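The values are calculated or read from the model by the stated rules, or taken from the named source; none is laboratory data. Everything quoted here is computed from the prediction, not taken from an experiment. FYI the Cβ positions are ideal-geometry reconstructions off the backbone, even for glycines, and counts take in every protein chain you see.
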Protein chains: 4
Amino acid sequence: MNGNRFGRLFQVTTFGESHGEAMGCTVSGCPAGLELSEEDIQADLDRRKPGQSMITTSRGEPDDVSIKSGIQDGYTTGTPIGMVIQNKDARSGKYEPFITAPRPSHGDFTYSAKFGTRNWGGGGRSSARETVNWVAAGAIAKKLLAREGIELKAHVNQIGDVEAPEVSFEDLLEHSEDNDVRCAHPETAAEMQELIEEYQEEGDSIGGSIYFEARGVPVGLGAPRFDSLSARLGQAMMAVPATTAFEFGLGREAREWTGKDRNDDWEFDDAGNPTPVENDHGGIQGGISSGEPIYGEVTLHAPTSIPKSQQTADWETGELTEEQVIGRHDPVLPPRGVPVVEAMLALTLVDFMLLSGRLNPDRVDDQPGEYDTDYHPSNPNNE
Amino acid sequence: MNGNRFGRLFQVTTFGESHGEAMGCTVSGCPAGLELSEEDIQADLDRRKPGQSMITTSRGEPDDVSIKSGIQDGYTTGTPIGMVIQNKDARSGKYEPFITAPRPSHGDFTYSAKFGTRNWGGGGRSSARETVNWVAAGAIAKKLLAREGIELKAHVNQIGDVEAPEVSFEDLLEHSEDNDVRCAHPETAAEMQELIEEYQEEGDSIGGSIYFEARGVPVGLGAPRFDSLSARLGQAMMAVPATTAFEFGLGREAREWTGKDRNDDWEFDDAGNPTPVENDHGGIQGGISSGEPIYGEVTLHAPTSIPKSQQTADWETGELTEEQVIGRHDPVLPPRGVPVVEAMLALTLVDFMLLSGRLNPDRVDDQPGEYDTDYHPSNPNNE
Amino acid sequence: MNGNRFGRLFQVTTFGESHGEAMGCTVSGCPAGLELSEEDIQADLDRRKPGQSMITTSRGEPDDVSIKSGIQDGYTTGTPIGMVIQNKDARSGKYEPFITAPRPSHGDFTYSAKFGTRNWGGGGRSSARETVNWVAAGAIAKKLLAREGIELKAHVNQIGDVEAPEVSFEDLLEHSEDNDVRCAHPETAAEMQELIEEYQEEGDSIGGSIYFEARGVPVGLGAPRFDSLSARLGQAMMAVPATTAFEFGLGREAREWTGKDRNDDWEFDDAGNPTPVENDHGGIQGGISSGEPIYGEVTLHAPTSIPKSQQTADWETGELTEEQVIGRHDPVLPPRGVPVVEAMLALTLVDFMLLSGRLNPDRVDDQPGEYDTDYHPSNPNNE
Amino acid sequence: MNGNRFGRLFQVTTFGESHGEAMGCTVSGCPAGLELSEEDIQADLDRRKPGQSMITTSRGEPDDVSIKSGIQDGYTTGTPIGMVIQNKDARSGKYEPFITAPRPSHGDFTYSAKFGTRNWGGGGRSSARETVNWVAAGAIAKKLLAREGIELKAHVNQIGDVEAPEVSFEDLLEHSEDNDVRCAHPETAAEMQELIEEYQEEGDSIGGSIYFEARGVPVGLGAPRFDSLSARLGQAMMAVPATTAFEFGLGREAREWTGKDRNDDWEFDDAGNPTPVENDHGGIQGGISSGEPIYGEVTLHAPTSIPKSQQTADWETGELTEEQVIGRHDPVLPPRGVPVVEAMLALTLVDFMLLSGRLNPDRVDDQPGEYDTDYHPSNPNNE
């Protein structure tokens, strides 16, 4: 409602501004009995954190997560997991010129207009820094999904006009972390890197896109109509900062395909169940998962904060001015956006797993509603 | 949660299957004092209804809406508006072959797998017939928005590889209803019509897309992060049956634009407020409306029900069979999808108008929270 | 949010005014595979309907429910169940004097003040007639609960100062429908009847209370803190029209008990699990069900519409007037409130059964998430 | 859903266990422009904190709140307010005997049964310590309400069989903090204190109740039916730990009143608007506020943790044992419950103020939807 919550049964609530004291995230609805440590979460945070390479902002944030609640002896207890991440390298001074002179196409103006004020340091709440919370929550979701045999992965499949060829899911898993761009196709990654550096040198920035895929999603996730898997994925992905397009399956291209070509005939799988011959439908039929891989793409526009000179209008002085955004900024978003997209995919899927009753909302390891005295505090893993 | 509800303050709840007795829709959260009649709603239902032209299904449904509650003396009372639309021309028999032999890429299989059963006549709940409810609710939303100076319109901008050039908002308003395709560019409409008929004759179907635009949306709609205007539009539009892509502003193309090119400089408008020089951002910045027109596109894949022979797997007999979907079906979806997309746009915007307090949730015409004895049952329009 | 929805996974949405065309209720979230007919629902509606005895209003409403969707071959399909109940005996004319002269302690004034208008016939949306929808939805919830071994029942335990002694659950089940008052203790029922008739003759009305009890509720329903079973029951019961108090367990009396006296020691049950020796805690500990019977009371104030002369203030004329409410009204609410309280109890419990994963949200009969090709449309009962 | 969230537009999310590292609370939906400091919140936390008198637990917690986000230059920014309160004096060792031997009538058993585990130190998440979060959030709600002229206050009106006479709202405001019991009637307070000490010495505990009242609530808050003001207050208050009864207006007593006696006639107020002669209806008619004071009572049972010997059943050893709860515990709950009840009242009312549009959800000081360039970051108070 107010924008700071995501999920229906697996509920994420976040706080924090880019240059505030701390970022924070509460995960309510994680079942009890999941083995979980700060390290599990840190791994994904490190993939998102600033300063990790030459093509990211140089802001130095360790992004160390501290879990404040919801864990006992290394296992979740079913109660909310409170997490806090301190902001350590905030230098707000550089943003002072923009307090009343909004940066072009940034959230500066709209936030100020809506709230009559805004936290102006580093973009405040509108900054993509806030996605550190999403990634923390997403790491927990991924761990739950992995127990159920659901694997998911994303990589950068386009930067500017440099487009990666299709890569296998295995390549995604193995190679998307091999380079700073997070593209699982090494030759393309090199080209992308070159292009990014070019724009970076010019004081400009460039757009790109992220491809995602999930395997092992069972048949039957999603609800009819307004809560279809595609609708909920649409919300999740369009919430990713700078996103201007969401597609799944054939995506935008589907407009040029005939029914006969796009339709996937049915055959039987080894277990004798109907299974589609192909997967042009992207793993979702009638809004509900078909058991085939779910895949799609998210387009992220170029970062709006650029050193190149731009014109803005100062609402206090009433004057037009030229401005250069000198802060430390990314020249391109997808490389750091990969774990964010994965997080939103994981959060969406884990929610549907809970909603469908496939995941016991009270505790992992058991059938829903089982009552088991052997399963108790001194024996959280039911051994 | 279960897929049958949309909206947070302007709440739509629907029921009904394609070949059931009736479709129904309850709108809760419409303020009191809005002049409303069945005719207001019927106009949009007629744009969506089947059998309206040669390029739609020949099923004959008058889609007459009957309002059961929430209106008194022609004005809304602030209590829920219950609407029922009878199904009159259902012929389920033709679907019997598909009960256990799912149509390719339709919801037949996934619904059956999820629920262990499904209403199989005409696609049951998974049928796009259900959007008749959305259009009914959307018509009320449009009326509320119009009072606030918000106008919105959609048209078909691509069918197969036939793409319309950009058209002005004025042309959208005036010409999108001029032809059966609902494309506001008459020459393109003719080409589209020809293409559709071609596929129809072949027993095939074809995809397409819908362009939408809203004008007069005030600055400041939308919430940070997960409830951004783009995220909520994403959910709304991805819920439209057969949708595989949602884009706003530059959409998918934004991946190839630089920051400098895409960023919209600021100037002052006549009232001395900052206003963007261009609108490459599509009316949304930082997830919040900028006051510029909101525009985007929705891609709809080709209808899956086609007369051409396809292979399916009958889970009862365990045999592969060839099937032809003989029922009455659309060869293309966008022409009837136009009012559906408009409805989802209107429902999303009216919800944000209520959430922002710009629309008084209790009654139109007044400032929120005003208490006014002159405004009473015998004087619903406050005269 | 707007008051017309109840439930989180088992979602009820209602419409309708006392003297409008029809009442309606949509139940979304009922799993597929439940055998269900209009007769199942009608039984409870008949217990609530007006004109059933001399101590209820004489308005003649058959309250015949018509199911419009969500059922196929006598079984639910997992899609929303739309129900409509026509209003047949509305005579609004008698309410005209009250349009601008609000009845004392009724919702006339507050509805008009909030919405600036109201449907004035028979109390419109504020009328307890609206609970016909709740009872319809509750009947479905009861059927689901019964499959899980959960039984629930209510009866009238006090009218004015006539209080029934404690009765056993077996007596509740067997005798609460034996008399017009719906008190399971026959001698008390006779006294109550006499008292009610006395007030009826005087043109006055009288308050009372309803006792409810649920058996077979498994251990572990309810969530910590804000969504405790007691909190959600509190909302459910306080929503019942005319309710001024909700109590469970020792209720209000608990204020006078010591910890030692109220605390229930633990022993072992036959299966070797801890079980409380007594049930002063009313089946809920720490907000979560303990496996013991859940019981409590709801107090309903006297009906506000009485023939006795009362003073009101006409906001149109600006004059004080004496008014007598001549319409057909109940002299006491609990007898017809019994099925309403049962419905709210059932709706609350079924929601928690779904939320805990004990009920498969997709279909009855199966473990959540099972995928089973034998369970299909031509075999809805999985035989 | 999972119990850790409260509120619809004014959204509270909490985390933390009694003996965990920290408690935390995120408030999302507080409008921008409210002057707010940690001191504002601390004042109420100090009223709830342990160790404040001889009749509370001796646990020593300063309960210092630290605001992590959502504030700039002393004013709220409209973005979520993250708050953290460290736990400093946790001594879990004393609870070890109870890990598998549940304390009578505590949440020990039900939490373990539900989650298969629990944080056992000091009651973990089921501990009333968690209400520190509620009080922190409630303090913000109170500040918002005060701006709108809404004042609210609670006091202890009964302990055991010692009952306070009715006190005026002015006395509530002035005298409820005069004594350790928090009873605004000094003579009764002394008696209560004596009674509490008596039970404390015996190693027992005692129940009691809290009276609450709100003044200045405008006409028209609350929604029809399921979201009536009374229903939402019912949920809020029944969530307060140890609560077994909620009443408003005449409460439980209403069952013995006739319609004629309970109904409040109408007269005109000085402004010529209808106003009730009395307030037996407790400020709520038809579920919606009437403009009269809202008042009611909450019954809290005796604390379950008592030094007196009790029998429990150890599910690990399978043996019955006698146990004495040696930890530091309150002999009575209402004195520290007063700020908790006030918090839940404030949270409920502020939510309805936002839902009704009376409070601008985006920022205080302005009419909803106003767009005002003078109101900006360097001028948060619009001066």
Selection status of A:L359, of a type in the set (A, V, I, L, M) and part of a loop (DSSP other than H, G, I, E, B): yes
Tell me whether segment A:200-213 contains one or more residues that are in contact with a strand residue (DSSP E or B) (Cβ under 6 Å, 6 or more places away or on another chain), farther than 21 Å from A:S127 by Cβ and away from chain B (no Cβ under 14 Å). yes
Scan segment D:28-71 for residues that are acidic (D, E) and under 30 Å from D:E202 (Cβ atoms) and jot them down. D:D46, D:E61, D:D63
Going by the structure shown, is C:T110 β-branched (V, I, T) and within 27 Å of C:S309 (Cα to Cα)? yes
Residue pairs, Cβ under 6 Å, 6 or more apart or interchain, first in segment D:278-298 and at the interface with chain C (Cβ under 8 Å from one of its Cβ atoms), second buried (at least 22 other Cβ atoms within 10 Å of the Cβ) and among the basic types (K, R). List them. D:D280/D:R262; D:I288/C:K114
Residues being outside any loop (DSSP other than H, G, I, E, B), away from chain D (no Cβ under 14 Å) and over 26 Å from B:E256 (Cβ atoms): count how many of those fall in segment A:135-168. 12
Can you tell me which residue within segment B:256-292, out of those that are of a type in the set (D, E, K, R) and in a loop (DSSP other than H, G, I, E, B), is farthest from B:F226 (Cα to Cα)? B:D270
So the check is Cβ under 6 Å with 6+ separation or different chains; which pairs have a first residue in segment C:2-31 that's more than 12 Å from C:E130 (Cα to Cα) and a second one that's of a type in the set (V, I, T) and in a loop (DSSP other than H, G, I, E, B)? C:P31/C:V364
Residue check, B:E21 away from chain A (no Cβ under 13 Å) and of a type in the set (D, E, K, R): yes
Do any residues in segment B:170-183 that are free of Cβ contacts under 8 Å to residues at least 24 places away in the same chain have Cβ atoms under 8 Å from those of residues that are surrounded by fewer than 16 Cβ atoms within 10 Å (Cβ to Cβ), where the two are at least six apart or on different chains, and which pairs are they? B:H175/B:P186; B:D178/B:P186; B:N179/B:P186; B:N179/B:A190
Considering residues of segment D:223-255 that are in a loop (DSSP other than H, G, I, E, B) and out of contact with any Phe, Trp or Tyr (no Cβ under 9 Å at 6 or more places or on another chain) only, the residue nearest to the other protein chains (Cβ to nearest Cβ): D:S228
Among the residues of segment B:293-309, which ones are surrounded by 22 or more Cβ atoms within 10 Å (Cβ to Cβ) and polar (S, T, N, Q)? B:T299, B:T304, B:S305
Note on segment D:190-225: residues of a type in the set (K, R) and surrounded by fewer than 24 Cβ atoms within 10 Å (Cβ to Cβ) are D:R215
Checked segment A:82-109 for anything of a type outside the set (D, E, K, R), within 14 Å of chain B (Cβ to nearest Cβ) and touching a residue at least 12 places away in the same chain (Cβ under 8 Å); matches are A:P97, A:F98, A:I99, A:T100, A:A101, A:P102, A:P104, A:S105, A:H106, A:G107
Taking segment A:299-315 and keeping only residues that are assigned to a loop (DSSP other than H, G, I, E, B) and either in contact with a Phe, Trp or Tyr (Cβ under 7 Å, 6 or more places away or on another chain) or within 7 Å of another protein chain (Cβ to nearest Cβ) (or both), one is left with A:H301, A:A302, A:P303, A:T304, A:I306, A:K308, A:W315
Just a yes or no: is a residue in segment A:116-125 assigned to a loop (DSSP other than H, G, I, E, B) and more than 9 Å from every other protein chain (Cβ to nearest Cβ)? no
From the list B:K68, B:K94, pick out the single residue that is at pLDDT 90 or above and either among the basic types (K, R) or within 20 Å of B:N179 (Cα to Cα) (or both). B:K68
Going through segment B:32-41 one residue at a time, which ones are more than 8 Å from chain C (Cβ to nearest Cβ) and either touching a residue at least 24 places away in the same chain (Cβ under 8 Å) or of a type in the set (S, T, Y) (or both)? B:L34, B:E35, B:L36, B:S37, B:E38, B:D40, B:I41
Is it true that A:R215 is within 21 Å of the chain's Cα centre (by Cα) and in contact (Cβ under 8 Å) with a residue 60 or more places away in the chain? yes
Looking at this structure, is C:W315 among the aromatic types (F, W, Y), over 29 Å from D:Y199 (Cα atoms) and either surrounded by 24 or more Cβ atoms within 10 Å (Cβ to Cβ) or touching a helix residue (DSSP H, G or I) at 6+ places or on another chain (Cβ under 9 Å) (or both)? yes
Of all residues in segment B:43-73, which are of a type outside the set (D, E, K, R) and without any contact (Cβ under 8 Å) to a residue 40 or more places away in the chain? B:G51, B:G60, B:P62, B:S66, B:I67, B:S69, B:I71
